[in-house]
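The values are calculated or read from the model by the stated rules, or taken from the named source; none is laboratory data. Remember, it's a predicted structure, so these values are computed and weren't measured experimentally. Here the Cβ positions follow ideal geometry from the backbone for every residue, glycine too, while neighbour counts run over all protein chains shown. For accessibility, only protein heavy atoms count, side chains too; no ligands or nucleic acids. Shrake-Rupley method; radii C 1.70, N 1.55, O 1.52, S 1.80 Å.
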Amino acid sequence: MTQFTFDAPGSNVAPFDAPTIIRTKRDGGVLSDAAIDWVIDAYTRGAVADEQMSALLMAIFLRGMTGPEIARWTAAMVNSGERLDFTDLRRDGRPLALVDKHSTGGVGDKITIPLVPVVMACGGAVPQAAGRGLGHTGGTLDKLESIPGFSAELPKERIRQQLCELGAAIFAAGELAPADRKIYALRDITATTESLPLIASSVMSKKIAEGARALVLDTKVGSGAFLKTEAESRELARTMVDLGSAHGLSTRALLTDMATPLGRAVGNAVEVEESLEVLAGGGPRDVVELTLALAREMLDAAGLDGVDPADTLRDGTAMDRFRALVAAQGGDLNRPLPVGRCSETLTASSTGVVRRLDALAVGLAVWRLGAGRSAPGEQVQFGAGLRIHRREGEPVTAGEPLLTLYTDTPERFAAAVAELDGAVDIGDTAPPPRPLIIDRIV
Ligand code: URA
């Protein structure tokens, strides 16, 4: 037998290559820890191309990942950047009650906007690394940036200062889990959002890195969620809770309904406007209910008791906190919020009760109106969105307005209206009631 000998080139040669890793996953194999560490690190550094990561994401989307693969992928994403630590910060001589919330993505899901000031007003400190729109779901950053002047690009020192002085900072993840920043943007434009391993690792890498001590997850169930069925959403919640615990982040989850949009406004500025209504003590019942349920979970997880978060909406303290937070981040709530220059109203074709208003169709329509992205780095329209005049369970007469659509670019109306085809059912009787909060997973 011939023996080959050669001088090993040593450490200059990469131990893995992207095509082999893609092929392994494409063919249903399991990625080794070392392969995962390498590909996340190489992609973050730019040594793996977007095209290669896109192919790998699609392979993961189609083939899934084992529990250990998800855990390693998440840890590698956490390790791709820095991990913030606020445990040295004090307010009135006491450590901060650092707690955060994250949603797996929904339609009309503006809950972070009223929730953060409610928790601030109850004594919590919220370091919130927020995201941009993903697929048909809106992003907190895109919504908040519709406030003139608001900036989410906060340096670390500024986050620390705001946490101490105000009790919250809402910021773009920046150098936290930079692998997620790149992968998130890629998933948004490659139809690879609806994947349990990719959602769990995306959410948890940011949240583990952001420096909270406790986390409450809002895991959505229904057509407007990325994972539609209750069984899939339960598995997602369980996976994320376990990932948090494994990294020393006390994590719990609510499973909540996302079959129909939350509230009456879907889009960017329109959702800020509705959040202001909630902070003023009004607003749609479901938005208030979910805000308060999540606030109670956050306060409990942070060990803060004795304050009823509902009081902060009644007495205006949450609104005061929101104004202070927005002002600290450069926003001016005295200037008008943008509204799409053109509008189109859709009316009811028959008389009866709205039996179904489909969250996914509404989310896609709003995305088509320009509230989300279909190309890398695309600028969203802050005024794009939709108002819901009749929600599920509400009576309507033929010819009355059902939905009003807003955009700056009227050529988008046709595609948005096409998404809404079949999205509304009107019948003789009200639909059976569905609980907003389905379960709690700890
Ligand atoms: N939120 C995230 O941060 N990532 C996802 O994949 C979905 C929701």
Report the residue count in segment 28-74 for those that are touching a residue at least 24 places away in the same chain (Cβ under 8 Å), farther than 24 Å from E235 by Cβ and assigned to a loop (DSSP other than H, G, I, E, B).
3
Hey, among the residues in segment 374-403 that are assigned to a strand (DSSP E or B) and surrounded by fewer than 17 Cβ atoms within 10 Å (Cβ to Cβ), which one's farthest from the chain's Cα centre (by Cα)?
P395
For segment 102-133: of the residues being within 11 Å of the ligand (Cβ to nearest atom), outside any strand (DSSP E or B) and touching an Asp or Glu at 6+ places or on another chain (Cβ under 6 Å), which is most open to solvent (accessible area, probe 1.4 Å)?
R132
Please indicate, with yes or no, whether at least one residue in segment 90-101 is within 16 Å of the ligand (Cβ to nearest atom) and under 19 Å from K220 (Cβ atoms).
yes
If you take the residues in segment 134-149 that are modelled with pLDDT of 95 or more and within 16 Å of the ligand (Cβ to nearest atom), which one is surrounded by the most Cβ atoms within 10 Å (Cβ to Cβ)?
K143
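Table: residues versus (1) part of a helix (DSSP H, G or I); (2) touching a helix residue (DSSP H, G or I) at 6+ places or on another chain (Cβ under 9 Å); (3) open to solvent by 10 Å² or more (accessible area, probe 1.4 Å).
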{"position": "G224", "(1), (2), (3)": "no, yes, no"}
{"position": "K228", "(1), (2), (3)": "no, yes, yes"}
{"position": "R234", "(1), (2), (3)": "yes, no, yes"}
{"position": "S245", "(1), (2), (3)": "yes, no, yes"}
{"position": "T256", "(1), (2), (3)": "no, yes, no"}
{"position": "E271", "(1), (2), (3)": "yes, yes, no"}
Considering only residues of segment 182-196 that are of a type outside the set (A, V, I, L, M) and within 10 Å of the ligand (Cβ to nearest atom), which is most open to solvent (accessible area, probe 1.4 Å)?
E194
Tell me which residues, restricted to segment 368-381, are farther than 17 Å from T404 by Cβ and of a type in the set (A, V, I, L, M, F, W, C).
A375, V380
